[in-house]
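Let me begin by presenting the structure, written as structure tokens, before commenting on it.
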Amino acid sequence: MVGWAIAVHGGAGVDPNLPPRRQEEAKQLLTHCLNLGISALSSNASAVDVVELVVRQLESNPLFNSGRGSALTAKGTVEMEASIMDGAKRRCGAVSGLSTVKNPVSLARLVMEKSPHSYLAFSGAEEFARQQGVEVENNEYFITPDNVGMLKLAKEANTIMFDYRIPIAGYEKCIGFESPVKMNGLPISIYAPETVGCVVVDSEGRCAAATSTGGLMNKMSGRIGDSPLIGAGTYACEVCGVSCTGEGEAIIRGTLAREVAAVMEYKGLRLQEAVDFVIKHRLDEGFAGLIAVSNKGEVAYGFNCNGMFRGCATEDGFMEVEIWE
């Protein structure tokens with residue numbers, strides 16, 4: 001038996017001028033989600049049940065970029081993606097290209113448990129959702145006025161890097177200025193890294209991880225990021241559980257989530273040491289963050305950008321919710 005631990009994130013790469021009210025809203029939501037997870041873990045819920053529970057809550061709130069409130073494609077639609085992994089048996093499920101499923105993380109779990117596959121996308125994932133009877137909504141349910149406004153600015157500005165939650169008025173003056181932000185060597189018009197995720201180790205030492213996102217604002221239709229890719233945005237095994245957030249293409253190249261487990265297994269590093277090593281040596285010039293738990297009840301996080309919305313708690317009573325360093 002080990003002490004349980006839980007960590008949750010709401011995205012890495014936070015604008016330093018984010019209004020205090022928005023910061024407080026984010027911290028309150030993360031605190032609420034942590035308390036949900038703590039209550040479930042105190043009732044002996046399994047790690048995989050808890051990560052699904054917490055991420056569903058985040059998907060249902062438009063504050064972050066997943067489920068309702070997801071970033072919009074260049075066509076003005078949502079294409080959501082998520083993944084979940086149960087480390088005890090290294091089972092996993094993932095989905096991409098969802099436009100009507102209310103809680104993508106729950107469909108990812110159904111892929112893991114009710115299909116012979118690990119990953120379903122676009123029309124196939126939507127068809128599977130209907131076969132499984134999951135709750136669906138019209139695409140309009142996921143689209144918020146803030147996102148419509150930000151997409152408009154994205155198209156006008158072309159190479160401005162926006163924080164997804166900044167009020168629209170805060171960016172109107174930025175149009176016409178060029179940003180050096182690039183992805184795969186090319187300038188991007190919007191970078192919205194507010195992916196959500198949760199990692200848990202339960203009292204039996206079982207680790208699990210889940211990640212969900214709407215992706216990049218103004219992304220090309222069909223773009224798939226790191227969040228649904230097992231080993232990149234999400235990974236769990238007997239040793240640890242990891243959920244990543246940030247520049248998806250860099251996370252994919254670095255197989256970031258799996259690397260944390262790998263250096264623990266092969267280099268014998270402890271959890272925080274492994275997280276620090278991966279953030280420092282596996283991102284090249286990319287920017288990202290991650291949260292992690294180990295089968296020993298440890299919890300850790302790391303990021304190399306301005307900030308990361310995050311919270312964590314352990315069975316011994318420790319709890320924190322932070323944004324900045």
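Residue-level check: of (1) closer than 27 Å to residue 260 by Cα; (2) modelled with pLDDT of 95 or more, residue 134 misses just (1).
Filter region 298-314 for residues that are among the hydrophobic types (A, V, I, L, M, F, W, C) and under 19 Å from residue 16 (Cα atoms) and give the result. Within region 298-314, 303, 305, 308, 309 meet the criteria.
Within region 101-126, restricting attention to residues that are under 25 Å from residue 239 (Cβ atoms) and among the hydrophobic types (A, V, I, L, M, F, W, C), the residue that is surrounded by the most Cβ atoms within 10 Å (Cβ to Cβ) is 108. Within region 127-155, restricting attention to residues that are part of a loop (DSSP other than H, G, I, E, B) and either of a type in the set (A, V, I, L, M, F, W, C) or without any contact (Cβ under 8 Å) to a residue 24 or more places away in the chain (or both), the residue that is nearest to residue 74 (Cα to Cα) is 143. Quick check on region 78-89: of everything there that is open to solvent by 10 Å² or more (accessible area, probe 1.4 Å) and out of contact with any Phe, Trp or Tyr (no Cβ under 9 Å at 6 or more places or on another chain), which residue is nearest to residue 132 (Cα to Cα)? Among them, the one singled out is 86.
Which strands (runs of 3 or more DSSP E) does region 241-325 wholly contain that include 3 or more residues that are in contact with a Gly (Cβ under 8 Å, 6 or more places away or on another chain) and closer than 24 Å to residue 217 by Cα? Reasoning before the result, please.
Details: elements: 288-294, 299-303, 308-314, 319-322.
In region 241-325, the matching strands (runs of 3 or more DSSP E) lie at 288-294, 308-314.
Among the candidates 227, 221, the residue that is in contact with a Lys or Arg (Cβ under 6 Å, 6 or more places away or on another chain), assigned to a loop (DSSP other than H, G, I, E, B), polar (S, T, N, Q) and more than 19 Å from residue 201 (Cβ to Cβ) is uniquely 221.
Looking at region 24-49, which of its residues are open to solvent by 40 Å² or more (accessible area, probe 1.4 Å) and either over 25 Å from residue 91 (Cβ atoms) or more than 18 Å from the chain's Cα centre (by Cα) (or both)? Steps first, answer last, please.
From region 24-49, those open to solvent by 40 Å² or more (accessible area, probe 1.4 Å) are 24-25, 27-28, 31-32, 35-36, 39, 42-44, 49; that's our starting set.
Selection gives 24, 25, 27, 28, 31, 32, 35, 39, 42, 43, 44.
Within region 284-299, the set of residues being surrounded by fewer than 22 Cβ atoms within 10 Å (Cβ to Cβ) and over 20 Å from residue 314 (Cα atoms) comprises 284, 285, 286, 287. Regarding region 91-100, can at least one residue be identified that is over 17 Å from residue 130 (Cα atoms) and either hydroxyl-bearing (Ser, Thr, Tyr) or open to solvent by 30 Å² or more (accessible area, probe 1.4 Å) (or both)? Scanning region 91-100, I find at least one residue that is over 17 Å from residue 130 (Cα atoms) and either hydroxyl-bearing (Ser, Thr, Tyr) or open to solvent by 30 Å² or more (accessible area, probe 1.4 Å) (or both), so the answer is yes.
Kindly indicate whether any position in region 11-18 is touching a residue at least 40 places away in the same chain (Cβ under 8 Å), part of a helix (DSSP H, G or I), open to solvent by less than 10 Å² (accessible area, probe 1.4 Å) and among the small types (Gly, Ala, Ser). No, the conditions are met nowhere in region 11-18.
Would you mind stating whether residue 89 is out of contact with any Leu (no Cβ under 7 Å at 6 or more places or on another chain), free of Cβ contacts under 8 Å to residues at least 40 places away in the same chain and not β-branched (Val, Ile, Thr)? Against the criterion (out of contact with any Leu (no Cβ under 7 Å at 6 or more places or on another chain), free of Cβ contacts under 8 Å to residues at least 40 places away in the same chain and not β-branched (Val, Ile, Thr)), residue 89 qualifies.
The values are calculated or read from the model by the stated rules, or taken from the named source; none is laboratory data. Here the structure is a predicted model, which is why all the values come from computation and not from measurement. Positions of Cβ are generated from backbone atoms using ideal geometry, with glycine treated the same way; all protein chains shown enter the neighbour counts. Just the protein is used for accessible areas: all its heavy atoms, side chains included, with ligands, DNA and RNA removed. Shrake-Rupley method; radii C 1.70, N 1.55, O 1.52, S 1.80 Å.
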